[in-house]
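Since the structure comes first, as structure tokens, the remarks are kept for the end.
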Amino acid sequence: LSGVKGWQLGDMVASGDRGRALFERVLKYAGQDHPVLVQGESGVGKELLSRALHQFSSRRSRPFISVNCSTLSSTLAESQLFGHRKGAFTGALANRPGAFASAHHGTLFLDEVGELPETQQPKFLRALESSEITAVGTNHSQTVDTRIVAATNRRLDEWVEKGRFRSDLYFRLQVLMLEVSPLRYRPQDIALLVPRILNSINSRVTLDITGLQALMAHEWPGNVRELKNLLIRLSVHCSGRIGAVEVNRYMDTQRRAY
């Protein structure tokens, strides 16, 4: 396992030809301004990949604005995305630029874009196509230069068929696409991820070969996020060099959450 050949891009690591191919595609797409749709299960690292698209682009010195679409309310989504003017509605005590304007000349990252309220999808599509936004409470449009990167853990094509996501918006977002594989399909990556995660949480524990093999044999329904949670738990409860016995003991308690 010590001989696993790894690749690094920004804060991401991956192994083998599949990892190298993904990173090469990220670098290629980073040089474009077209929208990118990033697909993958929860916890696989879609935001890290999206940040790499920004980090290695010509927009790197400008803002990277992240919006979680699952937290957008249908009533306030328009304000949060496009901004509002003071007095536009109750509680609008000052002008607010909104995510599009805040990401002007930079990148707007839309996490869980499949959860974008249906009432806002036509307005979002119009902003994508025209590069213009209109803040709530004004009739004046504003031109924005914003690169869109969207991520989803859903199959948006299936949601289109069910009528829960606009087909025209879907095709506008997936001009370029990236797919991040679940951790269970790339167990060799665990040998690269473990030391980076342990270092990031300032852990003093290390894993012996049996501990690492136990991690690689797990299915990881929560992907890298689940792996990090387990390593934090091991770091709190264990010390020194730990093996499969400790890994399996604390993994059993964590499995109930996934």
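Okay, residues lined up against (1) within 25 Å of SER181 (Cα to Cα); (2) without any contact (Cβ under 8 Å) to a residue 12 or more places away in the chain; (3) surrounded by 18 or more Cβ atoms within 10 Å (Cβ to Cβ); (4) under 27 Å from the mean Cα position of the chain (by Cα):
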| site | (1), (2), (3), (4) |
| --- | --- |
| LEU212 | yes, no, yes, yes |
| TRP220 | yes, no, yes, yes |
| ASN229 | yes, no, no, yes |
| ILE232 | yes, no, no, yes |
| ASN248 | yes, no, no, no |
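Checking LEU183, LEU234 one by one, the residue that is more than 24 Å from GLY6 (Cα to Cα) and in contact with an Asp or Glu (Cβ under 8 Å, 6 or more places away or on another chain) is LEU234 and no other. Considering region 171-182, the residues that are part of a strand (DSSP E or B) and aliphatic (A, V, I, L, M) include one that is most open to solvent (accessible area, probe 1.4 Å), namely MET177.
Here ASP189 fits the description: open to solvent by less than 70 Å² (accessible area, probe 1.4 Å) and closer than 19 Å to LEU48 by Cα.
Restricting the first member to region 53-67 and to residues that are on the phi < 0 side of the Ramachandran plot, and the second to residues that are modelled with pLDDT of 95 or more and open to solvent by 90 Å² or more (accessible area, probe 1.4 Å), the beta-carbon pairs closer than 7 Å and six or more apart or on different chains are HIS54/ARG60; PHE64/ARG51. Only one entry of ASP252, ASP157, ASP145, ASP168 meets the criterion of being open to solvent by 50 Å² or more (accessible area, probe 1.4 Å), in a loop (DSSP other than H, G, I, E, B) and among the acidic types (Asp, Glu), and that entry is ASP145.
Yes or no, residue by residue, for (1) within 16 Å of LEU178 (Cβ to Cβ); (2) not hydroxyl-bearing (Ser, Thr, Tyr):
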site: ALA21; (1), (2): yes, yes
site: VAL26; (1), (2): yes, yes
site: GLY31; (1), (2): yes, yes
site: LEU53; (1), (2): yes, yes
site: THR71; (1), (2): no, no
site: PHE82; (1), (2): no, yes
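Please find, within region 44-69, the residue that is most open to solvent (accessible area, probe 1.4 Å) out of those that are aliphatic (A, V, I, L, M) and more than 17 Å from GLN174 (Cα to Cα). Ranking the qualifying residues of region 44-69, first place goes to LEU48.
Taking the criterion of being under 19 Å from the mean Cα position of the chain (by Cα), in a strand (DSSP E or B) and of a type outside the set (D, E, K, R), the residues of region 88-137 that qualify are THR107, LEU108, PHE109, LEU110. Screening ARG20 with (1) closer than 21 Å to THR152 by Cα; (2) in contact with a strand residue (DSSP E or B) (Cβ under 7 Å, 6 or more places away or on another chain) gives one miss only, at (1). State all residues of region 81-119 that are open to solvent by 10 Å² or more (accessible area, probe 1.4 Å) and of a type in the set (S, T, N, Q); if no residue qualifies, say none. Within region 81-119, THR90, ASN95, SER102, THR119 qualify. On inspection, ILE190 fails the criterion of being aliphatic (A, V, I, L, M), modelled with pLDDT of 95 or more and touching a Lys or Arg at 6+ places or on another chain (Cβ under 6 Å). When region 70-80 is filtered for residues that are of a type in the set (S, T, N, Q) and surrounded by fewer than 20 Cβ atoms within 10 Å (Cβ to Cβ), the ones remaining, listed by number, are SER70, THR71, SER73, SER74, THR75, GLN80. Every condition in (1) under 24 Å from SER50 (Cα atoms); (2) open to solvent by less than 60 Å² (accessible area, probe 1.4 Å) holds for GLU129 except the one numbered (2). Taking GLY19, is it touching a residue at least 60 places away in the same chain (Cβ under 8 Å), in contact with a helix residue (DSSP H, G or I) (Cβ under 9 Å, 6 or more places away or on another chain), open to solvent by less than 80 Å² (accessible area, probe 1.4 Å) and under 30 Å from LYS123 (Cβ atoms)? Considered against the rule, which asks whether it is touching a residue at least 60 places away in the same chain (Cβ under 8 Å), in contact with a helix residue (DSSP H, G or I) (Cβ under 9 Å, 6 or more places away or on another chain), open to solvent by less than 80 Å² (accessible area, probe 1.4 Å) and under 30 Å from LYS123 (Cβ atoms), GLY19 comes out as no.
The values are calculated or read from the model by the stated rules, or taken from the named source; none is laboratory data. Worth saying up front: this structure is predicted, and the values here are computed from it rather than measured. Every residue, glycine among them, receives a Cβ derived from its backbone with ideal geometry; neighbour counts consider all protein chains shown. All accessible areas refer to the heavy atoms of the entire protein, side chains included, with ligands and DNA or RNA removed. Shrake-Rupley method; radii C 1.70, N 1.55, O 1.52, S 1.80 Å.
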